[in-house]
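See below for the structure under consideration.
Bear in mind these aren't lab numbers, they're just calculated from the coordinates by the rules spelled out. Computed from a prediction, not measured in an experiment: that's the story for all the values here. Here Cβ is always computed from backbone atoms with ideal geometry, including for glycine, and neighbour counts include all displayed protein chains.
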There are 2 protein chains.
Amino acid sequence: MSLTNLSQAKVFEGWHKQYQHRSDVLSCDMRFAIYLPPEASSTNPVPVLYWLSGLTCTDENFMQKAAAFQKAAELGIAIVAPDTSPRGEGVPDDAEGAYDFGLGAGFYLNATQEPWKQHYQMYSYIVDELPQLIEAHFPVNKQKAISGHSMGGHGALTIGMKNQDQYTSISAFSPICHPMTVPWGQKAFRHYLGEDKSTWEQYDAVELMKALPVKTPILVDQGEADNFLNDQLKPETLQAVAEAKQLDVQIRLHPGYDHSYFFIQSFISEHLAFHAQFLKA
Amino acid sequence: MSLTNLSQAKVFEGWHKQYQHRSDVLSCDMRFAIYLPPEASSTNPVPVLYWLSGLTCTDENFMQKAAAFQKAAELGIAIVAPDTSPRGEGVPDDAEGAYDFGLGAGFYLNATQEPWKQHYQMYSYIVDELPQLIEAHFPVNKQKAISGHSMGGHGALTIGMKNQDQYTSISAFSPICHPMTVPWGQKAFRHYLGEDKSTWEQYDAVELMKALPVKTPILVDQGEADNFLNDQLKPETLQAVAEAKQLDVQIRLHPGYDHSYFFIQSFISEHLAFHAQFLKA
C-alpha cells in the first residue's frame, strides 16, 4: 500500500497533507487529506477522528472550511478526511450527472447492483482499507472516532453504530437520519442496493438504532434554518428512537443556523472536545 | 446607495452576509461580504476590520478559509471583505487572462492609464466609497483597522500608511512589501500607472514608509516556506526601513509556513487581538 504525497501545509504548528493511493476495495485511485497535530510522532502516536463529508464534497471542503485545526492541535487529535465516492475514468456516474448520486455521492455503503458494485464500496473503504493505510503510514494509534456532515453524518452514524468496537464515539452535523424515507436516500439506495428494502435498513441510522444495542456516545448538531431539515434530514426520527431506548444520544437544535460549513465551524470545537473525552480516556 | 443581499449564514452567533451594489467609483457592480459579531446592533455599533485579499481572490476566500469568526465574535469586531478588482462585462482584463493582472488583481490603486482608469480605482473604493456604504447600512462605528494578504497585504500597508487618521492599526500576512522592485508589482504598476516611477512610489509600502511619518502600529506575519518570499514579497526591505526609522512595526517570520490560508488561519486570531487593542481603546 503506497502513498503519493500531493501537498503539505503547516497549520497551527501541525501539518495538513493530501495523499493519493490505489484503493483495492474501490478499484480506483483515491485522494485523502490528513491533519497531524504538532505532538504526533512515532513515539507519541495520536488518536484519529475520521470525517465523512457530504454530497458533492472531496477531501478538501472540511479541511479548508471547518476551522477545526486549532482545537485538534490543542487536543492532540489527527483528522482524516476521505473523498465522498470512488473517482476516475471508468467509475460510473449518475446518468444525468446529478449532484446527489454517483460521483461525490457514495453514501458510505457497499453497492450490490450493477454497474455500481465494482467501485462503490465506500463502507469497506472507510471501515477497513483506509484505517489500515493510515495506521501503517502515520504516527497514529488505534483509537478512532467518527463524524461527518449531511450524507457524511449518515455515514458516521451508520458506520459508527455497526462498528462500536472500532469507534469510541460518534458525532454528526445535519445528518440524513432516516435515508430510506427521504428523496436523497431513496434514490441512492434504489440504485446502489436494489429494491429489497431489508438491505436498505443496514444503512439507515434510525433502523440501526432500533435494531442494535447502542452503547457508543453520540452527539448530533442540527441547524433549524437548514433548507434540508424537513425533507431530507429528519432528526426527530432519530430522537424518537434514542428517547424510546434511553440511549446516550444528544441531539441539539440550533436556531438560525443553516446547512453550510459556517454552521460546522461554529460547533466543530465542541465535537472535537466531545470525542477527546473518549479517545483520550 | 442601495444594497442587494445575496446570502446570509449564522456563524458563531453572528452573521456572514454577502451583498451586491453599484459602485460609482468603479463604474460597475461589486460584491462584498461582511461578518457582524453577535453584539453588533444599532445601539451598540462595533468597529470594523477591512480585509484585502490577494491575487485571484474574491470576497469569499477569506470568509470561507481564514477561520476568523470565533475571535471576531469574541472581540466584537466586524470584518468587511471586498472583491479584489472591478468586475463585469466591459471591465478590461489582462490580454492573456493572466492571474496577476486585471480581473482579480486590482492592486488597490487608482489607475491613470487607458484602458484601465475607467474601472480600476480600487484605492478610492476601499478608502472612501466602501466605508461610506458600510457605515450607512450596518451597525458599525467609525473605528477602522485594515489587514490583508499578499497583494492585499500590500493594499493594507499602503492604504493604512496613507490614511493614518482613518485606520487605528495595520496588519498584513505575506505582503508584497516593495512592489516596484518585483515582477508582480512591476507588471501591475507599468500598466495601471504608466512608466513614470515617481507615481509607483505612491503605492509602494517601502517607499511610503521611508517618506511618511508613520505612527500607526503595524504587524506583519510571513511564512518562511512561502514560495513567493524571495522573488515577490521581500519583507526584509520593509524591516530595514522600520528599523532605520525605529517605527512601531513588528515583522514576524514563521518557520515552515507557506503562502496559503492555512498560514493565515494559524495567526488570524493574533491579528484580530492586535487590532482590538487599538479599535477598542
Taking the convex hull of Cα positions in segment A:1-87, its mean projected area over all directions (nm²) = 5.8 nm²
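Expressed as a rounded percentage, what relative contact order does segment A:148-214 have, with Cα pairs under 8 Å and six or more residues apart? Could you put the intermediate results ahead of the total?
Numbers: 79 pairs, mean separation 23.2, N = 67.
Relative contact order, segment A:148-214: 35 percent.
Per residue of B:7-16, how many C-beta atoms from partner chains lie within 10 Å of its own C-beta, taken as a mean?
Working: counts 3, 4, 11, 12, 11, 5, 4, 2, 2, 2.
Mean partner-chain Cβ count within 10 Å for B:7-16: 6.
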Volume per residue, Å³, of the convex hull around the alpha-carbon atoms of the protein assembly as shown?
-> 160 Å³
Could you tell me the largest-minus-smallest coordinate of the C-alpha atoms of chain A on each of the three principal axes, in descending order and whole angstroms?
-> 49, 44, 33
Once you have the Cα-Cα distance between B:T181 and B:D128, take 0.36 nm times their residue separation minus that, and quote the gain in nm to one decimal.
-> 16.3 nm
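If you take every residue apart from A:E39 with its C-beta less than 11 Å away from the C-beta of A:E39, what net charge results, scoring Lys and Arg +1 and Asp and Glu -1? Walk me through the numbers before you get to the answer.
Working: positive: none; negative: A:E13, A:E74.
Neighbour charge sum, excluding A:E39 itself: -2.
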Would you work out which of B:W200, B:P175, B:G256 lies farthest towards the positive end of the dipole of segment B:157-272, given +1 charges on the beta-carbon of Lys and Arg and -1 on that of Asp and Glu, about the Cα centre?
-> B:W200
Around B:Q132, what is the net charge, scoring Lys/Arg as +1 and Asp/Glu as -1 over all other residues with Cβ under 15 Å from its Cβ?
-> -1
Overall Cα dimensions of segment B:87-239 - principal axes, largest extent first, Å = 41, 38, 30
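All other residues with a Cβ under 11 Å from the Cβ of A:R22 taken together, and with Lys, Arg as +1 and Asp, Glu as -1, what is their net charge? Show your work: numbers first, answer last.
Values: positive: none; negative: A:D24, A:D29, A:E129.
Overall, the nearby charge balance is -3.
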Amide H of B:L49: which non-local residues (sequence gap of 5 or more, or other chain) have their own amide H closer than 5 Å, using H built in the peptide plane?
-> B:A78, B:I79, B:V80, B:A145
Indicate the gyration tensor shape class of segment B:187-270 (rounded, prolate or oblate), computed on the Cα atoms with a ≥ b ≥ c the square roots of the eigenvalues: a/c under 1.5 is rounded; otherwise a/b larger than b/c is prolate and the rest oblate.
-> oblate
Charge dipole of chain A about the Cα centre (unit charges at C-beta), most positive-ward option of A:L75, A:Q265, A:Q132 | A:L75
Just from the alpha-carbon atoms, what are the Rg and Dmax of segment B:31-158 in angstroms?
-> 15.1, 50
Considering the rotation that carries chain A onto chain B, locate the chain A residue whose Cβ comes closest to its axis and report the distance in whole Å.
-> A:A67, 2
Pairs to check: A:K10/B:K234; B:K65/B:K210; B:K142/B:K162; A:K142/A:K162; B:K65/B:K245; B:K10/B:K144. Give those whose C-alpha atoms are more than 28 Å from each other in this structure.
-> B:K65/B:K210; B:K65/B:K245
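Which FRET efficiency value, to the nearest 0.05, do you get for A:T112 and A:N5 by plugging their Cβ-Cβ distance into 1/(1 + (r/R0)^6) with R0 = 30 Å?
Details: r = 35 Å, r/R0 = 1.15.
The value I calculate is 0.30.
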Only residues of segment A:196-214 count here: report those whose backbone N is under 19 Å from the spot 7 Å along Cα→Cβ of A:Q246, or say none.
-> A:209-214
Taking the highest mean first, how do the peptides B:40-48, B:126-134, B:242-250 order by number of other beta carbon atoms within 10 angstrom per residue?
-> B:126-134, B:40-48, B:242-250
Which FRET efficiency value, to the nearest 0.05, is calculated for A:A211 and B:K280 with the Förster distance at 35 angstrom and r the Cβ-Cβ distance?
-> 0.05
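On average, how many beta carbons from a partner chain sit within 10 Å of the beta carbon of a residue in B:254-262?
On the way: counts 2, 1, 6, 4, 5, 1, 6, 4, 13.
Mean partner-chain Cβ count within 10 Å for B:254-262: 5.
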In peptide A:61-68, what is the residue-averaged number of other protein chain Cβ atoms found within 10 Å of each Cβ?
-> 4
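Translational D (Stokes-Einstein, µm²/s) of segment A:163-223 at 20 °C and 1.002 mPa s when Rh comes from the Kirkwood sum over C-alpha pairs? Before the final figure, lay out each step's value.
Values: Rh = 12.7 Å.
After rounding, the answer is 169 µm²/s.
So what is the 222 nm mean residue ellipticity for chain B from helices alone, if each DSSP H run of at least 4 adds -39500 (n - 2.57) and you divide by all residues, rounding to the nearest 500 deg cm²/dmol? Walk me through the numbers on the way to the answer.
On the way: 9 runs with 84 residues, N = 281.
The helix-only estimate for chain B comes to -8500 deg cm²/dmol at 222 nm.
At 0.36 nm per residue, minus the direct Cα-Cα distance, what do B:K197 and B:L253 gain on full extension? Give it in nm, one decimal, please. Don't skip to the answer; put the middle values down first.
Numbers: separation 56, 0.36 × 56 = 20.16 nm, distance 2.99 nm.
Using 0.36 nm per residue and subtracting the Cα-Cα distance, I get 17.2 nm.
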Amide H within-cut-off set for B:W15, under 5 Å, with H built and near neighbours excluded | B:L36
With a ≥ b ≥ c taken as the square roots of the eigenvalues of the C-alpha gyration tensor of segment A:64-115, please select rounded if a/c is under 1.5 and otherwise prolate if a/b is larger than b/c or oblate if it is not?
-> prolate
